[in-house]
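J.: Before I ask anything, here is the structure I am working with.
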């Protein structure tokens, strides 16, 4: 028990020193001084409640993903049957929710149609993404499988998170965090941002840009009633497009989507100085754009952003170079925001804000100062009472406590965790609780001495017998802390992290290190009595 | 140097003599707490009910003008706001439950927030908006359920662990003691109508942790004494164990109370509720480890034989280890 080989001592000191060294940059920057850039710089992040800033929680609707998949599938089904040899003709495809159904014009082709459609039902992996059923001998019903939908939602959220991150980075604020939460949520935190409105505007825009041909067969009366000609859909004009309140019919299929862009910039119209957004397509997009414009010269096409028509200009001549201007009723700011959104890509799903908050910077600074003062005073009182009660042993516990706090800081910095307001309380509490292990051990040593054991045996037994309770207590606290971490959110999580790391550091410093020091002292001084 | 002893040597207090009256009192307190929670209810924060919360500090006033603030805010016609002092004398939190048509529409709820905050800053010079948060009803419902899951799961997981390390009676005892602590804390929050939010759940889980520390230390000593004194009647043995660990219990509670009080007095005002809950829990937890967790072992019929096979007779002999 009291036998420490040299290699063990070396290891213990190494661990301690590394953890403490890691705490230095955070402590230096808390005092306001600058840490030299050339040195490694592990830092504890300050949570929003300490640093001040804005946070919003966004949520996507899985039903929307399902609808989009249905649309893609509809296009694929039509294409496959049209390109069959000979082509298979079908009636209208009706889509209810996320399910497609259609009838063949010639029921005898059922088997051939099924052969063609079956391969479309499987995704990239081995998962079957769609179920195909034939009802009443002639009606095909395609429904999405749960597994397929889940994969699609995950993919959509992954890319949505990426898009959100890109857009926020474009804002140029310092150290934003963008995190996936659960299956359908994204948490965005931007320290130092006082007003989340700009953030919400930027993220609220799906930036789903589409170019679709205007269906000129629709009669104005039908348009007014919202009835679209077959194969077309009704799209309203955007509120600031100059045609607010009106709507037009566009061909549903055969358009171009904005996801084949490689660049988008805010510029000004060549004549006059209205802000516009200039976009550049990639090779494939440029080819398709060229084809669309050459085949439809003198017809209007609609530029649609997030389901609203920005403008519907005439195609005067084929556009072959792969660049185009989007004009609308933009201000420089809104054109710039659209350009950022287009550059970072369209959001695959709409995101709605379900939670938001802002913390003023004064409150955070005040909390840190008061928290540190409370920590200092509390720690000092504990240090004094330990020495007064346990003498030399108390002093060992005190050194352990100071090392414990520094190590806790250091490990949090290495793991790059976030310190929140409750986390600060966790620090203070850890100071109070960390000495419990020492109290248990020292009280036990006192008892063993009272029972008449010799010095060495009493110390040995003290550590051995107390270890059991210390172990059990820490395991159960670990259970509570882990559940707090798993179920808690935001600031509470910060508290759980401090608590959990504190369990490990306090056992290491309070039990292992003090034992090493006590053992060293016993060997050097060979005391015949203990003042404990 | 003479060292301080907070508890004299060889105390022999008959804690367990009073177990029946204390149990009756505790059971009554549990019943009262549950009644309070279900009748008066907890004063749930926006974390759990959804809505808009605005935290204001009146930098020019000693004391927040709660009454005139309420007048101003109610004049806006957004229903019935909850206005409460939070932390320091000059800090208040204003809470609204959003009407459904506003909660559904992000623009409307933003507009409402702006109107409320500007009404505050225009009418009260020196008012500083510290914290704005809006939680939709859907999220708050989830936060509440997951928080409750966390509490219940933590208690069950801990009881199972104790059962594995000790005996089933100890698991039940620890679980009951934890239940006692949690319910009494909830009752206190219902009685004083302190705001109950996510941080308080963290506080309760911390109380669980500390209360359990005490319970485990006492249980560990009971187990040890059961092996040592096979013939001793259980009540006497429990008393002995509590007495032997008494100086540790007092010392640890003291160090915890020192830091908690320094946090209460000197720490940030927004942590007051959180710290107060833990401070209270330290007392309740220490009491429950002695008066709830220990006596229940008598009634559940723990016998000294439980731990016999675990250890051979030689283990209690003085051990001689070679010295380097």
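The values are calculated or read from the model by the stated rules, or taken from the named source; none is laboratory data. The shown structure was predicted, so the numbers you read here are calculated from the model rather than taken from an experiment. Backbone-built Cβ (ideal geometry, glycine too); neighbour counts: all protein chains shown.
J.: When residue A:452 is evaluated against the numbered criteria (1) more than 8 Å from chain B (Cβ to nearest Cβ); (2) part of a helix (DSSP H, G or I); (3) more than 30 Å from residue A:191 (Cβ to Cβ), which criterion, by number, is the only one it fails?
T.: Status for residue A:452: all satisfied but (2).
J.: Being outside any helix (DSSP H, G or I) and surrounded by fewer than 15 Cβ atoms within 10 Å (Cβ to Cβ) is the filter; apply it to the range B:28-43 and report the residue that is nearest to the other protein chains (Cβ to nearest Cβ). First the steps, then the outcome.
T.: Pass one, the range B:28-43, residues outside any helix (DSSP H, G or I): B:40-43.
Within this subset, residues satisfying the condition of being surrounded by fewer than 15 Cβ atoms within 10 Å (Cβ to Cβ) are B:40-41.
Values: B:40: 25, B:41: 22 Å.
Within the range B:28-43, the match that is nearest to the other protein chains (Cβ to nearest Cβ) is B:41.
J.: Given the structure, is residue B:216 within 20 Å of the chain's Cα centre (by Cα) and either part of a helix (DSSP H, G or I) or surrounded by fewer than 18 Cβ atoms within 10 Å (Cβ to Cβ) (or both)?
T.: Criteria met by residue B:216.
J.: So, in the range A:415-446, of the ones that are more than 7 Å from every other protein chain (Cβ to nearest Cβ) and farther than 30 Å from residue B:131 by Cα, which residue ends up modelled with the lowest pLDDT?
T.: As a first pass, look at the range A:415-446 and keep what is more than 7 Å from every other protein chain (Cβ to nearest Cβ): A:415-420, A:423-424, A:426-427, A:430, A:434, A:437-438, A:441-442, A:444-446.
Now narrow it down to the ones that are farther than 30 Å from residue B:131 by Cα: A:434, A:437-438, A:441-442, A:444-446.
Working: A:434: 86, A:437: 92, A:438: 93, A:441: 94, A:442: 93, A:444: 92, A:445: 92, A:446: 90.
Result: A:434.
J.: Here are some conditions: (1) at pLDDT below 80; (2) closer than 22 Å to residue B:200 by Cβ; (3) touching a helix residue (DSSP H, G or I) at 6+ places or on another chain (Cβ under 7 Å). Residue B:37 meets all but one. Which one does it not meet?
T.: (1)
J.: With A:129, A:71 as the choices, which residue is farther than 30 Å from residue A:22 by Cα and touching a helix residue (DSSP H, G or I) at 6+ places or on another chain (Cβ under 6 Å)?
T.: On the way: A:71 fails: touching a helix residue (DSSP H, G or I) at 6+ places or on another chain (Cβ under 6 Å).
After ruling out the rest, the residue left standing is A:129.
J.: Kindly indicate whether any position in the range A:332-347 is farther than 30 Å from residue A:156 by Cα and either more than 14 Å from chain B (Cβ to nearest Cβ) or under 23 Å from the mean Cα position of the chain (by Cα) (or both).
T.: yes
J.: State all residues of the range A:458-480 that are free of Cβ contacts under 8 Å to residues at least 24 places away in the same chain and more than 7 Å from chain B (Cβ to nearest Cβ); if no residue qualifies, say none.
T.: A:461, A:462, A:465, A:471
J.: While we're looking at this one, here's another question. With respect to residue B:191, determine if the residue is more than 9 Å from chain A (Cβ to nearest Cβ) and either in contact (Cβ under 8 Å) with a residue 24 or more places away in the chain or more than 27 Å from residue A:487 (Cβ to Cβ) (or both).
T.: Answer is yes for this residue.
J.: Could you tell me which numbered condition residue A:411 fails, if it satisfies all but one of (1) touching a helix residue (DSSP H, G or I) at 6+ places or on another chain (Cβ under 7 Å); (2) without any contact (Cβ under 8 Å) to a residue 40 or more places away in the chain?
T.: The one condition residue A:411 does not meet is (2).
J.: State all residues of the range B:139-179 that are more than 22 Å from residue B:210 (Cα to Cα), within 10 Å of another protein chain (Cβ to nearest Cβ) and in contact (Cβ under 8 Å) with a residue 60 or more places away in the chain; if no residue qualifies, say none.
T.: B:139, B:140, B:143
J.: Could I ask something else about it? Mind listing just one residue for me: the one in the range B:1-13 that is more than 9 Å from every other protein chain (Cβ to nearest Cβ) and under 28 Å from the mean Cα position of the chain (by Cα) and, of those, surrounded by the fewest Cβ atoms within 10 Å (Cβ to Cβ)?
T.: Taking the range B:1-13 first, the residues more than 9 Å from every other protein chain (Cβ to nearest Cβ) are B:7-8, B:11-13.
Next, from what is left, pick out any that are under 28 Å from the mean Cα position of the chain (by Cα): B:7, B:13.
Values: B:7: 15, B:13: 11.
Only one residue fits best here, namely B:13.
J.: Tell me which of these residue A:377 doesn't satisfy, since it passes every other one: (1) surrounded by 19 or more Cβ atoms within 10 Å (Cβ to Cβ); (2) touching a residue at least 12 places away in the same chain (Cβ under 8 Å); (3) touching a helix residue (DSSP H, G or I) at 6+ places or on another chain (Cβ under 8 Å); (4) outside any strand (DSSP E or B).
T.: Tallying (1) surrounded by 19 or more Cβ atoms within 10 Å (Cβ to Cβ); (2) touching a residue at least 12 places away in the same chain (Cβ under 8 Å); (3) touching a helix residue (DSSP H, G or I) at 6+ places or on another chain (Cβ under 8 Å); (4) outside any strand (DSSP E or B), residue A:377 fails exactly one: (2).
J.: Between B:20, B:25, B:73, which is over 30 Å from the mean Cα position of the chain (by Cα), farther than 30 Å from residue A:370 by Cα and more than 13 Å from chain A (Cβ to nearest Cβ)?
T.: Numbers: B:20 fails: over 30 Å from the mean Cα position of the chain (by Cα); B:25 fails: over 30 Å from the mean Cα position of the chain (by Cα).
When all the criteria are applied, what remains is B:73.
J.: Given the criteria more than 7 Å from chain B (Cβ to nearest Cβ), at pLDDT 90 or above and buried (at least 18 other Cβ atoms within 10 Å of the Cβ), does residue A:497 qualify?
T.: Here the answer is no, as residue A:497 does not meet what is asked.
J.: So, one more: Out of the residues in the range A:352-369 meeting the condition of being part of a helix (DSSP H, G or I) and touching a helix residue (DSSP H, G or I) at 6+ places or on another chain (Cβ under 6 Å), tell me which one is nearest to the other protein chains (Cβ to nearest Cβ).
T.: A:367
J.: Another question, if that's okay. Inside the range A:43-56, can you point out the residues that are crowded, with 21+ Cβ neighbours inside 10 Å and touching a helix residue (DSSP H, G or I) at 6+ places or on another chain (Cβ under 7 Å)?
T.: Taking the range A:43-56 first, the residues crowded, with 21+ Cβ neighbours inside 10 Å are A:44, A:46-56.
Matches in the range A:43-56: A:44, A:47, A:49, A:50, A:51, A:52, A:54, A:55, A:56.
J.: I've got another one for you. Taking the condition of being buried (at least 20 other Cβ atoms within 10 Å of the Cβ) and either over 27 Å from residue B:74 (Cβ atoms) or more than 9 Å from every other protein chain (Cβ to nearest Cβ) (or both), how many residues in the range B:121-138 meet it?
T.: Qualifying residue count for the region: 1.
J.: Also, quick follow-up: Taking the stated definitions as given, is residue A:494 closer than 26 Å to residue B:135 by Cβ, free of Cβ contacts under 8 Å to residues at least 40 places away in the same chain, within 31 Å of the chain's Cα centre (by Cα) and part of a helix (DSSP H, G or I)?
T.: So residue A:494 does not fit the description; no.
J.: Any residue that is in contact with a strand residue (DSSP E or B) (Cβ under 9 Å, 6 or more places away or on another chain) and on the phi < 0 side of the Ramachandran plot - is there at least one of those in the range A:368-382?
T.: Yes, the range A:368-382 contains a residue that is in contact with a strand residue (DSSP E or B) (Cβ under 9 Å, 6 or more places away or on another chain) and on the phi < 0 side of the Ramachandran plot.
J.: Those residues that are surrounded by fewer than 19 Cβ atoms within 10 Å (Cβ to Cβ) and in contact with a helix residue (DSSP H, G or I) (Cβ under 8 Å, 6 or more places away or on another chain), I need them from the range B:241-252; list them, please.
T.: Across the range B:241-252, the qualifying residue is only B:243.
J.: While we're looking at this one, here's another question. Are any residues in the range B:280-301 surrounded by fewer than 18 Cβ atoms within 10 Å (Cβ to Cβ) and under 28 Å from residue A:428 (Cα atoms), and if so, which ones?
T.: Result: B:283, single match.
J.: I would also like to ask the following. When you scan the range A:272-283, do you find a residue that is in a loop (DSSP other than H, G, I, E, B), at positive phi, surrounded by fewer than 18 Cβ atoms within 10 Å (Cβ to Cβ) and in the same structural domain as residue A:319 (by TED's automatic domain parsing), even just one?
T.: Within the range A:272-283, one or more residues are in a loop (DSSP other than H, G, I, E, B), at positive phi, surrounded by fewer than 18 Cβ atoms within 10 Å (Cβ to Cβ) and in the same structural domain as residue A:319 (by TED's automatic domain parsing).
J.: Related question: In this structure, does residue A:336 turn out to be part of a helix (DSSP H, G or I) and out of contact with any helix residue (DSSP H, G or I) (no Cβ under 9 Å at 6 or more places or on another chain)? Write out each step before concluding.
T.: Working: part of a helix (DSSP H, G or I): yes; out of contact with any helix residue (DSSP H, G or I) (no Cβ under 9 Å at 6 or more places or on another chain): yes.
Criteria met by residue A:336.
J.: Under the condition of being within 13 Å of chain B (Cβ to nearest Cβ) and more than 28 Å from residue A:50 (Cα to Cα), which residue from the range A:391-414 is surrounded by the fewest Cβ atoms within 10 Å (Cβ to Cβ)?
T.: Restricting to residues being within 13 Å of chain B (Cβ to nearest Cβ) and more than 28 Å from residue A:50 (Cα to Cα), the top hit is A:395.
J.: Continuing with the same structure: Could we say that residue A:289 is touching a strand residue (DSSP E or B) at 6+ places or on another chain (Cβ under 6 Å) and part of a loop (DSSP other than H, G, I, E, B) here? First the steps, then the outcome.
T.: On the way: touching a strand residue (DSSP E or B) at 6+ places or on another chain (Cβ under 6 Å): yes; part of a loop (DSSP other than H, G, I, E, B): no.
No.
J.: Same structure, new question: Just checking, does the range A:63-83 include any residue being touching a strand residue (DSSP E or B) at 6+ places or on another chain (Cβ under 8 Å), surrounded by 21 or more Cβ atoms within 10 Å (Cβ to Cβ) and within 14 Å of chain B (Cβ to nearest Cβ)?
T.: no
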